[in-house]
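First up is the structure itself, then whatever we jot down about it.
Quick note: the coordinates plus some simple rules give every number you see, no bench work behind them. Everything numeric here is computed off the predicted structure, so don't read it as measured data. As a convention, Cβ positions derive from the backbone with ideal geometry for all residues, glycine included, and neighbour counts pool all protein chains shown.
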Amino acid sequence: VAKLRLSIDTIRKKNMAIETAAQVLDPVLANGIAQMERYVAEALPFKKKARLQALSDIRQKRQENSLTPDQALNRLWAFLEDELRMQRESVVYRQEIAINGQSVLADVLRVGMVMMFYRVKGQGVGYAKRTNDSWTYVESTTPEDVKQIKLAFEQFGKQVRVGSFVL
């Protein structure tokens, strides 16, 4: 009985520490998630739905108490590190984009978080352009621009990541 009481006291103290941490860390977590959501909403439209969903999952799991405050903050920190990594790398991915109101699967070349180009088979190439509070995809029609964008996709497809590209 004494061992059980000691065990119960230990668990109660641990739970009180978690509750205290939650009172302190939950507002910090909520603020951090809100700031990252604003950043993702305004940043390049690269896999935006998945990135916003990851933030929403952290918030939801913390509200359900399936994550402790420190676990939730660790996940938010990992998300932030991924965002910082994306700013340093240039890669080719496939994602859905909206061209002329239609959703199409395109190859996208993301240059850090500064520029993003697209290539759709049979529909040409272009780039993402910021307009007021949203992003649109603009088709490149100038022969020189089309040539440079296609060359960049070709070189990145071959994993040639050195040299210079005129974009």
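Let's see how each residue does on (1) surrounded by 11 or more Cβ atoms within 10 Å (Cβ to Cβ); (2) basic (K, R); (3) more than 28 Å from R59 (Cα to Cα); (4) without any contact (Cβ under 8 Å) to a residue 60 or more places away in the chain:
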residue	(1), (2), (3), (4)
F79	yes, no, no, yes
M86	yes, no, no, yes
N100	no, no, yes, yes
A106	yes, no, yes, yes
G112	yes, no, no, yes
R119	yes, yes, yes, yes
G122	no, no, yes, yes
N132	no, no, yes, yes
Y137	yes, no, yes, yes
TODO: Scan the range 33-54 and report the pairs whose first residue is within 16 Å of M86 (Cα to Cα) and whose second residue is of a type in the set (K, R) and surrounded by 14 or more Cβ atoms within 10 Å (Cβ to Cβ), with Cβ atoms within less than 8 Å and a gap of 6+ or a chain change.
DONE: V40/K48; V40/R51; A41/K48; L44/R110; F46/R110
TODO: Return only the number of the condition from (1) in contact (Cβ under 8 Å) with a residue 60 or more places away in the chain; (2) loosely packed, with under 11 Cβ neighbours inside 10 Å; (3) not acidic (D, E) that R12 does not satisfy.
DONE: (1)
- [ ] Please go through the range 115-143 and pick out each residue that is in a strand (DSSP E or B), of a type in the set (D, E, K, R) and more than 24 Å from the chain's Cα centre (by Cα).
- [x] E139
